[in-house]
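Right, one structure below, let's go through it.
No value in this document is a laboratory result; all are computed from the given coordinates. What you see is a predicted model, and the numbers here were worked out from it, not measured in a lab. Here the Cβ positions follow ideal geometry from the backbone for every residue, glycine too, while neighbour counts run over all protein chains shown.
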Amino acid sequence: MEQEKKPLTITLKIAGKPYQFTIDREREEIYRLGEREVNACFAKCKQSQKKGWIDFDYLVVTALQFAMANVYMRQSREVGSEDLKRLDALSEELAAYLDSRLKD
């Protein structure tokens, strides 16, 4: 049990360069999956072979793609929360209507 609470030091290789992180043990899988995602996106960007670009440029495009995906997900949730608010309001109206009909 005590072992589970101790931080874990892992090394992730991003674009061929190792980076060391100290993380909570239960989050290791998330970090490993993130490493794979970044490297896959980086490799895909690098296939475009832009003239004069170095790995840093491809990493910038990779970061931008992840940032745009994050923004898109946040906006999608906001729209979803608006829909939920409308459903809640409709549910309250329906409950009030049914209460009034039951009293009659």
Can you give me the angle between helix 55-103 and the longest principal axis of the chain, using Cα atoms only, in degrees from 0 to 90, rounded to the nearest 10? 10 degrees
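Check each of the trypsin sites (Lys or Arg not before Pro) in the chain and keep only those in coil by DSSP with at most 10 other C-beta atoms within 10 angstrom; list them in order. Numbers along the way, then the final one.
Numbers: sites: Lys5, Lys13, Arg25, Arg27, Arg32, Arg36, Lys44, Lys46, Lys50, Lys51, Arg74, Arg77, Lys85, Arg86, Arg101, Lys103; in loops: Lys50, Lys51.
Counting only loop positions with at most 10 other Cβ atoms within 10 Å, the trypsin sites (Lys or Arg not before Pro) in the chain are Lys51.
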Put in order of increasing Cβ neighbours within 10 Å, starting from the fewest, Glu28, Glu93 give Glu93, Glu28
Cα-based reach from Lys6 at 27 Å (exclusive), listing lysines while leaving out same-chain residues under 8 positions away: Lys17
With a cut-off of 8 Å between alpha carbons and a minimum separation of six or more residues, what is the relative contact order of the chain in percent? 16 percent
Out of (i) 23.8, 79; (ii) 19.3, 61; (iii) 17.3, 64, which label holds the value of Rg and Dmax of the Cα atoms in Å that was computed here? (i)
